[in-house]
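Asker: Before I ask anything, let me first share the structure, which is written out below as structure tokens.
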Amino acid sequence: MASKLFYDEVELLGQTMASGPGSVAASMDSKGELSTLLEQWVREREGSTQELVSILFKISELIERETEEYLKTDPDPFDDRHPGRVDPECMLGHLLKILFKNYDFMNALVNTYVMESREAELNAAACRLLQDLMPGLETSVVFQEKEGIVKRLFKWAQEAEQPLRIYATGLLGAAMEDQDISSVHIEENSQLLPLMLQKLRELQEAESSWVETKEPSQCKAIGGLLLPKDEGAEDGTPPLGNGTQRGAGLDGEGDQLGPEAQSLTPSHPDSYHRTSSWVNSMAKPEPDGLDDEGDGGQGRRESGRKAKQKLSFSLPEPERNLREFTNTSRPEMSPWVIGGKCTLYPLTPAIEQRIILQYLAPLGEYQEFLAVFMKLDARKLLVCYLDLKETNDVQLTFRALKFLASLLLHKKFAAEFVAQGGVQKLLEIPRPSLAATGVSLCLYYLAYSQDAVERVCMLPPSTLADLVSYTLWLLECSHVSSCYHATMFFSVCFSFRAILELFDRQDGLRRLVNLISTLEILNPADQEALQSDDDVYSSRQKAKHTCMALRRYFEAHLAIKVEQVKQSLHRTEGGAPIHPQPCYKACSYTHEQVVEMMEYLIEVGPARLHWEPAEVFLKMSCIQLLLKHISIACDWRTYYGRSDTVRYALDILAILTVVPKTQLLLAEAFDVPDEGGSTSSTVGMGIVLAVAEGEVFVNDAEIQKSALQVVINCVCAPDKPGIGKFRSRLPQPAKSGESVLAKMWNMVQSNNGIKVLLSLLTVKTPITDADQIRALACKALVGLSRSGTVRQILSKLPLFSSGHIQQLMKEPVLQDKRSEHVHFCKHAAELVERVTGKPLSAGADVSLARLQRGSVVARTRISFPEKELLLLIRNHLVEKGLLDTASALTKEADLPMALPPHPAHPPAIVPTSPSASAVTPLPRTPRLAIGVASYLGNHASSSSSSTPASIHTPPHPLCLSAICPPPIPCPAPPQQQLPPDRPHRVHAGTAIALQRRCRW
């Protein structure tokens, strides 16, 4: 069954220690031992309970032992893939595969030993084994397809004796990861949550008192922490080397990604095949060749060597001290990176607390339970776990950090956490460690609370600098999930100037760019064939998230640069003073605001605009990197985020093209790989125009608009850039600017830009964005038409010589997009004037004015009371002499009884012939109030000649025509006979009377 997986690149830095004949022999012994136990189970399955418990007990011990060996390879703790898929060589994956293929055993384990048996000892043994198997199981299948299993677990978690109670709690934690399950058990969780929090507090206090009474000789101190001597000292593995070994993975107790992370990671196309047995469907996807050594190990070892090389940058003093600590031997370092043992029996206070935190973590995000967590002071409880000097268990701290991250989704909790010094506690967690990976998730969730980040920005400058430094370390040196969390943290927090400035001071832009520049997928001919599908997917995800963060980075700097230019102009030319936003306040901008800022810098800024972030970006040759990335990403046809990746990269280019240097780089040729594996030379503008044409991304308007914005910035710069002080201080850039502009005109022309832009003038799909695409393409042509060569070419085309562009100006593609069509008509009129040398004809101008008025009316919201409309109808009936109908309407609609006096001489009724009735057609039922006002106004003027002055009723004070704008003149509608069953929205009696009097 396909599963939602977090396909991240897993860097295994300790693979060399797994080689040798000893490890092979141990692997064969584990597989043989499991096979023997399963054979024994087949013989004893109908035997006594004690025999079955003994077999299940031995299988659990075997799985837990191999889980500990698997964690020594340092997997990503947020990677919930099948262990055999993460590392095809690990023995845990082989054992899980053997168990899941034995359908009889798995059916008996769930159906018989958990669901049907009433033997508490057998229930406990089965729940323990099921907990050990969670890293390879599909929890949604186990807990959704087996009706009643979740309720049974809730009962055990509240009433059963130990160890069954704690094992059931762990299985509930795995079940609550599925929102479909947790959302239907709100009531049960609300009853169990207080009990678990109270139990957690009791265990914490008991363990604290035990640590205080423990003899100092039983512990050894490393870096200020007390570590048990007997933990991590029996594996005999070599040192980590240069401190690049990071936090270890899960302890086999079913930790998985929360709903937020799962929503970002859809199922991989290579999903595990379904079988008729539900047991097979509840196993997570595995690699087909699990028993054979593939290329995955080699790729991960290559990643490990690259990760070691990335730590060459200089470190501040605290990090250098930490580096010295990480160079200690593996037995001493193991409790930091991996933690203690993972055996679930005999139970220890640490194991119980881990399992309870595993249950609480997925429930922390629910608003329904926030009051319970706040009342029982869960924050204070969690802060104690953040201190490794107190817990001496890095896995326990990691579980607490997962629970803390889910609570930080609540603004109230996040604000209180920051106010009580929680950020400082997070920064005290050492790195590299498993807990540091948990810190990345906390920072990511904290960033989405704007109030909390404002409080963070007001912390002491040293604390804020440490926060940025810690997150940059996570960006470079931690697990792939930490890299993702750190990237998203910066992407959200770039809008805070305080964090943005510290990011620049600590060389953050280079570190962020390195995430893309080191990707092997940018050289598909050499490396992509050697990578697994999961690694390729992970690299593409990293590229997308990095481009999104870079776009946010340059948008924030663009706003700062515009503010600086405005302040400079204010000092030299006067005007309204510019008040900058406080550095601790967020500055967010819409796409329209970003476009306005780009246009402002292009029009007002000097030709030789110096913009420090852009200069740093250009020095690292990142423009060519982005163009190469766009070219390669266009071929990622099986990746769901392909369009987003390209759009983010194009938006970055659009912002950077406010600098003329960037525009010149788009005119340079460089080599890009093609689908065949070879390289071809192309220019950047050619890539941008190819994307804008719409053939690569069919009906993807957002990408086309981003590409067109790049073209507009390059060809629509003013002929003489710079105003005010820039013109006086830099007199020579005008000539330079003209040469850059002319070069970009020629570059667009030589890359079929005229053809592409002209084709976009007639685009009709997607219908919701066609008008905006036409307007952008026409704007680019206006800028391009300032070139004499381009004008000569355009003047010979039927679009201008035969007046086709006037036809395009008549109506929008979609009536709801009139405002976009007005922009198109404005640019089209300017384009025609430039190409033909004369303005549009009078008829075209009238058409444009009509469209503008129509756009205003379309955006005007018209509302009126329904009774006033009925009054208006009643008055009109009276003016026409239809007094009986007016009385009937007054009675049925409960209108005021005041009626105008009857005329002394009622108007003569002149019989009309069919031909005469055709001359004065009956108007259609008006749909807008403006139509009603126009309709009534026309008939009021015509009735004044036939109705005596004594019966003429003046307009009602609340007449709709007084509150509505004047109607747009339009031709009279054709004659339309209203069907008898569809009256003019009046009551039935009134409609019949009206029909008789008007002879319908």
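Asker: When you count, for each residue, the other Cβ atoms within 10 Å and take the mean per peptide, how do 166-173, 386-393, 802-809 rank with the highest first?
Answerer: 166-173, 386-393, 802-809
Asker: With a ≥ b ≥ c the root eigenvalues of the C-alpha gyration tensor of region 345-428, is it rounded (a/c under 1.5), prolate (a/b larger than b/c) or oblate?
Answerer: Oblate shape, in that a/c is at least 1.5 and b/c is the bigger or equal ratio.
Asker: Using the structure shown, list the pairs from LYS72/LYS101; LYS764/LYS817; LYS101/LYS284 with a Cα-Cα distance above 21 Å, or answer none.
Answerer: Too far apart for the 21 Å limit: LYS72/LYS101.
Asker: Sort out for me the Cα centre separation of region 741-798 from region 586-659, rounded to whole Å.
Answerer: Comparing the Cα centres of region 741-798 and region 586-659, I get a distance of 21 Å.
Asker: Sticking with this one: Rg to Rh for region 562-668: what is it, with Cα atoms only and Rh by Kirkwood?
Answerer: Result: Rg/Rh = 1.04.
Asker: When all C-alpha to C-alpha distances in region 403-458 are sorted into bins of 10 Å, what percent of pairs does each bin hold, rounded to whole numbers?
Answerer: 26, 58, 16, 0
Asker: Considering every Cα-Cα pair within region 624-693, what fraction, in whole percent, is farther apart than 18 Å?
Answerer: 36
Asker: Okay, moving on. Can you figure out the FRET efficiency of LYS755 with THR836, using R₀ = 30 Å and their beta-carbon distance, to the nearest 0.05?
Answerer: 0.90
Asker: Pop out the carbon and sulfur fraction of the accessible area of region 639-708 as a percent, whole number, probe 1.4 Å.
Answerer: Ligands and nucleic acids excluded, carbon and sulfur give 45 percent.
Asker: Compute the orientation-averaged projected area for region 456-512 from the convex hull of its Cα atoms and round it to one decimal in nm².
Answerer: The orientation-averaged projected area of the Cα hull of region 456-512 comes to 3.5 nm².
Asker: What FRET efficiency would be calculated for the residue pair LYS199, LYS867, taking the C-beta separation as r and a Förster radius of 56 Å, to the nearest 0.05?
Answerer: E(calc), rounded to 0.05, equals 0.30.
Asker: Sort out for me the Cα centre separation of region 39-88 from region 385-435, rounded to whole Å.
Answerer: 31
Asker: Over the Cα atoms of region 119-172, each weighted equally, I'd like the Debye log10 I(q)/I(0) at q = 0.15, 0.19, 0.28 Å⁻¹, rounded to two decimals.
Answerer: Result of the Debye calculation: -0.37, -0.59, -1.19.
Asker: Please tell me which of these pairs span more than 32 angstrom C-alpha to C-alpha: LYS566/LYS705; LYS146/LYS411; LYS411/LYS628; LYS31/LYS542; LYS542/LYS585?
Answerer: With Cα atoms farther than 32 Å apart: LYS146/LYS411; LYS411/LYS628; LYS31/LYS542.
Asker: Quickly rank 514-522, 134-142 as a protection proxy: mean count of other C-beta atoms within 10 Å, highest first.
Answerer: Sorting 514-522, 134-142 by mean packing, highest first, produces 134-142, 514-522.
Asker: Kindly identify region 363-479 as rounded, prolate or oblate by the Cα gyration tensor criterion: order the square roots of the eigenvalues as a ≥ b ≥ c, call it rounded if a/c is under 1.5, otherwise compare a/b with b/c, prolate if a/b is larger, else oblate.
Answerer: oblate
Asker: Per q in 0.14, 0.16 1/Å, what log10 I(q)/I(0) does a Debye calculation on the alpha-carbon atoms of region 472-622 return?
Answerer: Per q value, in the given order, log10 I(q)/I(0) is -0.78, -0.95.
Asker: What does the highest-first list of 29-37, 771-779, 664-672 look like by mean Cβ count within 10 Å?
Answerer: Most protected by this proxy first, the peptides run 771-779, 664-672, 29-37.
Asker: For region 423-520, what class follows from the C-alpha gyration tensor (a ≥ b ≥ c being the square roots of its eigenvalues): rounded when a/c is under 1.5, otherwise prolate if a/b is larger than b/c, else oblate?
Answerer: Cα axes put region 423-520 in the oblate bin.
The values are calculated or read from the model by the stated rules, or taken from the named source; none is laboratory data. On a predicted model such as this, the values are computed, not experimentally measured, just so you know. Neighbour counts are summed over all protein chains in view; Cβ atoms, including those assigned to glycine, are modelled from backbone coordinates with ideal geometry. For accessibility, only protein heavy atoms count, side chains too; no ligands or nucleic acids. Shrake-Rupley method; radii C 1.70, N 1.55, O 1.52, S 1.80 Å.
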